[in-house]
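Asker: Encoded as structure tokens, here's the structure I'll be asking about.
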Amino acid sequence: MENNTKLIHGYRAFDETTGASSIPIYQCSTFKQTSIKEGQPYTYSRFGNPTRAALEEAVAAMENGNYAVAFASGMSAISAVLLSFDQGDHLVMCKSIYGGTFQLVNEVMQRFGIEITFVDETDLTAWEEAIRPNTKGLYLETPSNPLLSVTDIAGVVSIAKAHGLVTMIDNTFMTPQFQNPLDLGVDIVIHSATKFINGHSDVVAGLVITDDPVWHEQIFLQQKVLGGILGVEDCWLTMRGLKTMGLRMEQSVRSAEKISQMLEQHPAVKKVNYPGLKSHPGYEIQKQQASSGGAVLSFELADQEAVFAFAEALKIPIAAVSLGGVESILSYPVTMSHACVPKEEREKQGVTDGLLRLSVGIEDTADLLADLTQALAKIEEKIEK
Ligand SMILES: *Cc1c(COP(=O)(O)O)cnc(C)c1O
């Protein structure tokens, strides 16, 4: 079964008791028990709810996994995974990591005595060299945000296997449509379903998928005791969004490819970061581990003045944090995701005053190209490439 069919039929997408063409919203906290003598599959909605179970089953199917657990946000999912480690454990993580994860690690995990080393994610030697006797896991996120650097997933997995370590990946940018890390040997896959999986900028949600029954039991326990369950209405909306993920991603990627090519040729653009471009340093690895470059790209204009002139002239994309909606979203890391990072550190990471990130929506490609082109024309200063 290919992905678009699988999105509609690859799991129990219909209600088995009534035949309803969409899984009902089981709006209940508790379940009347047939007898107080014994338990039954559903007893209390924090422990399990049929609507949530349906979403979990759907997402597990899309990631080719056995188990999935749905959380109240991507951060809730990440917390459940990372807080499974013990005091004294050490983890290795890619340095270009989602800002919330960075904050969780630095401001919460360190308090619990879990040590972290950040490495240059593109350098396999750096991953290997960071491993210590108390290292328990390797955590990756590829392509990275906002510079779209690519980590060799199979390379990191083979290092992990040689040292008996667990691998975790934040697969939000690629979606299960384009990258299935479990197939590459990764143990735990995490998504912020807020982004492309739900796809409509109207839900905050997170998911953890695994094939390992022991890890599943642990993540399920974390969901139960930390309590960060996804509410039933949001489960329903996410399932509704998921069904069109394939079609949405196809359209967005088609535009992202054309846009990145146009930007690469444009005299006002200093640099384009898109793993689907041949000029991207991670292009070959991306091609091996994912079936597209995705729908997110970033590019650099001359300076802040150019950024402001461009953003002001742009008509279609909304200026916002987040990504993965049906609408194109333009983000400015300097005032948004990286606002708390000191300028010097930010620039060292490559997040300059001229950097913009674009999450490409499902608008018509020609309209997006025309809008971006007219906005670029508003930047007077042309840069020598
Ligand atoms: C948005 C995002 C998160 C956090 O997800 P929330 O749903 O906002 O909690 C984590 N990782 C990546 C890559 C993201 O883009």
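Each reported figure results from applying straightforward, stated rules to the coordinates on display, with no laboratory input. None of the values given here were measured: they were computed from a predicted structure. Methodologically, a virtual Cβ is constructed for each residue, glycine included, from the backbone with ideal geometry; neighbour enumeration extends over all protein chains shown.
Asker: Can you sort Met1, Met239 so the residue with the fewest Cβ neighbours within 10 Å comes first?
Answerer: Met1, Met239
Asker: In degrees from 0 to 90, rounded to the nearest 10, what is the angle of the helix 153-163 Cα long axis to the longest principal axis of the chain?
Answerer: Compared with the principal axis, the helix lies near 50 degrees.
Asker: Okay, moving on. Over 29 Å between Cα atoms, which of Lys315/Lys348; Lys270/Lys348; Lys243/Lys287 qualify?
Answerer: Details: Lys315/Lys348 31 Å; Lys270/Lys348 17 Å; Lys243/Lys287 25 Å.
Correct reply: Lys315/Lys348.
Asker: Still on this structure: Using the Cβ atoms and a cut-off under 10 Å, what net charge is assigned to the surroundings of Ile190, where Lys and Arg are +1 and Asp and Glu are -1?
Answerer: Taking every other residue near Ile190 into account, the sum is -2.
Asker: No solvent, one uniform scatterer per C-alpha: report log10 I(q)/I(0) for segment 54-151 via the Debye equation at q = 0.15, 0.16 1/Å, two decimals.
Answerer: Per q value, in the given order, log10 I(q)/I(0) is -0.69, -0.78.
Asker: Ranked from highest to lowest mean number of other Cβ atoms within 10 Å per residue, what is the order of the peptides 259-265, 103-109, 224-230?
Answerer: Ranking the peptides 259-265, 103-109, 224-230 by packing returns 259-265, 224-230, 103-109.
Asker: Also, quick follow-up: Can you compute the helix-only [θ] at 222 nm over the chain? Use -39500 (n - 2.57) per DSSP H run of at least 4 residues, normalise by all residues, nearest 500 deg cm²/dmol.
Answerer: Numbers: 14 runs with 142 residues, N = 385.
So the helix-based figure for the chain works out to -11000 deg cm²/dmol.
Asker: Rank-order 171-177, 31-37, 271-277 by packing density, defined as the average count of other C-beta atoms within 10 Å over each peptide's residues, highest first.
Answerer: On the way: 171-177: 26.6, 31-37: 9.0, 271-277: 22.7.
By packing density, highest mean first, the sequence is 171-177, 271-277, 31-37.
Asker: Which of Ile159, Ile188 has the fewest other C-beta atoms within 10 Å, and how do the rest follow up to the most?
Answerer: Fewest-to-most ranking of Ile159, Ile188: Ile159, Ile188.
Asker: Set the Förster distance to 35 Å, then compute FRET efficiency between Arg111 and Ala311 from the Cβ-Cβ distance, nearest 0.05.
Answerer: 0.35
Asker: Only bridges whose two residues both fall in the chain count here: according to DSSP, what percent of them are antiparallel, nearest 5?
Answerer: 55 percent
Asker: How much length would be gained if the chain were fully extended between Ala20 and His163, taking 0.36 nm per residue of separation minus their Cα-Cα distance, in nm to one decimal?
Answerer: Between Ala20 and His163, full extension yields an extra 46.6 nm.
Asker: Something else about it: Can you pull the one-decimal nm distance between simple spin-label points at Asp364 and Thr30, each 7 Å off the Cα toward Cβ?
Answerer: Distance between the two pseudo-spin positions: 5.6 nm.
Asker: Please list the three semi-axes, largest first and in whole Å, of the ellipsoid equivalent to segment 104-184, using sqrt of 5 times the eigenvalues of its alpha carbon gyration tensor. Please list the in-between numbers first.
Answerer: Numbers: eigenvalues 87, 53, 30 Å².
They are 21, 16, 12 Å, listed from largest to smallest.
Asker: Rg and Dmax of the chain, Cα atoms, in Å?
Answerer: Rg then Dmax for the chain, in Å: 21.3, 78.
Asker: Sort the following peptides by mean Cβ neighbour count (other Cβ atoms within 10 Å, averaged over residues), highest first: 344-350, 358-364.
Answerer: 358-364, 344-350
Asker: Give the aspartates and glutamates whose C-alpha is closer than 14 Å to that of Lys195, dropping any in the same chain fewer than 8 places away, or say none.
Answerer: Partners found: Asp170, Asp234, Glu327.
Asker: Where does the Debye-calculated log10 I(q)/I(0) of segment 152-197 sit at q = 0.20, 0.29 Å⁻¹, using only Cα point scatterers of equal weight, no solvent?
Answerer: Those come out to -0.61, -1.03, one per q.
Asker: Another question, then. How big is segment 264-341 by Rg and Dmax over its Cα atoms, in Å?
Answerer: Rg, Dmax (Cα atoms, Å): 14.0, 39.
Asker: Identify all lysines with a Cα-Cα distance to Lys32 below 28 Å; exclude those on the same chain that are fewer than 8 residues away in sequence.
Answerer: Lys224
Asker: OK, next. Could you tell me the center-to-center distance, by alpha carbons, between segment 79-110 and segment 32-48 in angstrom?
Answerer: 35 Å
Asker: Nearest 10 degrees, 0 to 90: what angle lies between the long axis of helix 245-265 and the longest principal axis of the chain (Cα atoms)?
Answerer: 20 degrees
Asker: State log₁₀ I(q)/I(0) for segment 195-254 at q = 0.15, 0.17, 0.22, 0.23 Å⁻¹ as given by the Debye formula over alpha-carbon point scatterers of equal weight, solvent excluded.
Answerer: Taking Cα atoms of segment 195-254 as identical point scatterers yields -0.57, -0.69, -0.92, -0.95.
Asker: What is the gain in length, in nm to one decimal, between Ala126 and Gln288 on full extension, counting 0.36 nm per residue of separation less the C-alpha to C-alpha distance?
Answerer: That works out to 56.2 nm of additional length.
Asker: Taking every pair of alpha-carbon atoms in segment 291-385, give the share separated by more than 22 Å as a whole percent.
Answerer: 28 percent
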